[in-house]
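Written below as structure tokens is the structure these notes are about.
The values are calculated or read from the model by the stated rules, or taken from the named source; none is laboratory data. A quick note: this is a predicted structure, and the numbers were derived from the prediction, not measured. For neighbour counting, all protein chains shown are included, and Cβ atoms are generated from backbone atoms with ideal geometry for every residue, glycine included.
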Amino acid sequence: MTAAGEPQPLDDATRHALAELLLALADDEFVIGFWDSEWTGIAPMLEEDVATSSIAQDEIGHARALYELLATLTDDDPDRIAYGREPDGYRHAALLDHARGDWAFSVARRHLYETADAVRLASLATSSYEPLALLAGKMRREETYHLLHADAWLQRLAGAPDASGRLADALRSLWPDAQEVFAPLAGEEVLDRAGILPTPLRALHADWQRQVRPVLEPITGPLPDAAPTLDGRERHGDDFRWLHGEFTMVARQEAGATW
Amino acid sequence: MVSAAASELRERRVWDELARIPDPEIPGISVVDLGVIGSVAVDDDRVRVELLPTFVGCPAIGVMQEQITERIGSLGIAPEVQVVVTMDPPWTSDRITAAGRERLRLSGFAPPAPLPAGPALGMLDELAVLPIAACPYCGSGNTTMENPFGPTLCRAIYHCADCRQPFEQFKRV
């Protein structure tokens, strides 16, 4: 795919910080897309097989577009960025580092992620970096369907006897790591000043908490104070190392393969 | 240097040919009626077509690029054909033409409902805006969405309570 839009002149510090932002956004979408694909064939019902597979395809498509944007900025190859890094080089938030778990766990994670992503995309759609603003605006339209899906399942499980307990446990256990979607990025202040990140991550985080607490707390009870941490995008465990082995398998076996 | 009239004529020929290129996933509708052609520009060196993906991750984009390059190339208007994928302007389901909406219906797809007018709604308010679809077979509005996700990224699955027929809708997005 050819990236469109006139390249804008950026100084080194801005380009470096923008690359960090794009990598975080892309890795979030890429990793949750692969976790979703782990439900293909074994979701609780046929309709959900279709839905999670379609959502996974959307997310990996978004990741591809973001990796392409990043590759034009850093003169790199999108496939190398996607498949050519060691696990420690990925920058997805800690929320996305866990295995898919059971259905309630997947629904809980998806709701936390989709709501955080919606807040983030709404801001990025007004970014002064036009290629990112256009892509974020476009992604946002598609993500509305994911949000609708996640919220419908949240409400459905919350009203079911066994599922509601599992859902509440999953939400409570994921709550600290969910904050990390807004973890600070290196050089973020440069992006704030340039209007590339129109709202600082700290403010987006507060906005997200304000919106989700009234939805989640009737299910979980009061959720503790929680804030993003400095290494929120650098803590990777065995779950992700396993997933990384899966999604890089073809690229490792056949360097340069296309499919 | 060519005259404006000659240039316009060549652009017209490109648009006419594009109107005969089917969407790879729903062959009943052309890429022009689907609204994915953003612009056409012709000069002596090249034909430049801007292609707007319906969905960011649409796997048919590569096929569309190849088909357009080949078909427009065969017109012999200029030595080079360049098909550029762009999101400026973003494709929305409102870009489907009136003729395209009718072609969708004849192919058994409900056309997307128009996008709501006015400013974008807040994050969770949007959840209340469920799209509706008229059955492409009997025209009934007595339908329910079975799944907002379907066999391709751009399609949702519905059921008609009157003629009891499942059908797909091209998603509103």
Please tell me if A:Thr52 is over 27 Å from A:Thr258 (Cα atoms), assigned to a helix (DSSP H, G or I) and at pLDDT 95 or above. no
Could you check, for the stretch B:9-16, whether at least one of its residues is farther than 27 Å from A:His146 by Cβ and within 14 Å of chain A (Cβ to nearest Cβ)? no
Selection over the stretch A:137-178 where residues are surrounded by 23 or more Cβ atoms within 10 Å (Cβ to Cβ) and over 26 Å from B:Ile157 (Cα atoms) yields a count of 4
Report, by residue number, each residue of the stretch B:11-27 that is at pLDDT below 95 and surrounded by fewer than 18 Cβ atoms within 10 Å (Cβ to Cβ). B:Pro24, B:Pro27
In the stretch B:153-173, anything outside any strand (DSSP E or B), surrounded by 15 or more Cβ atoms within 10 Å (Cβ to Cβ) and more than 8 Å from chain A (Cβ to nearest Cβ) is listed as B:Cys154, B:Gln165, B:Arg172
Look at A:Ala194 and say whether it is more than 14 Å from chain B (Cβ to nearest Cβ), touching a residue at least 40 places away in the same chain (Cβ under 8 Å), more than 23 Å from A:Glu48 (Cβ to Cβ) and surrounded by fewer than 15 Cβ atoms within 10 Å (Cβ to Cβ). no
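Answer yes or no as to whether B:Glu8 is assigned to a helix (DSSP H, G or I) and over 29 Å from A:Glu143 (Cα atoms).
So B:Glu8 fits the description; yes.
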Condition set farther than 16 Å from B:Val84 by Cβ and within 8 Å of chain A (Cβ to nearest Cβ), scope the stretch B:43-61, selection nearest to the chain's Cα centre (by Cα): answer is B:Phe55
Single residue of B:Val40, B:Val49 found to be surrounded by 20 or more Cβ atoms within 10 Å (Cβ to Cβ) and modelled with pLDDT of 95 or more: B:Val49
Does the stretch A:248-256 contain at least one residue that is in a loop (DSSP other than H, G, I, E, B), farther than 18 Å from A:His111 by Cβ and in contact (Cβ under 8 Å) with a residue 40 or more places away in the chain? yes
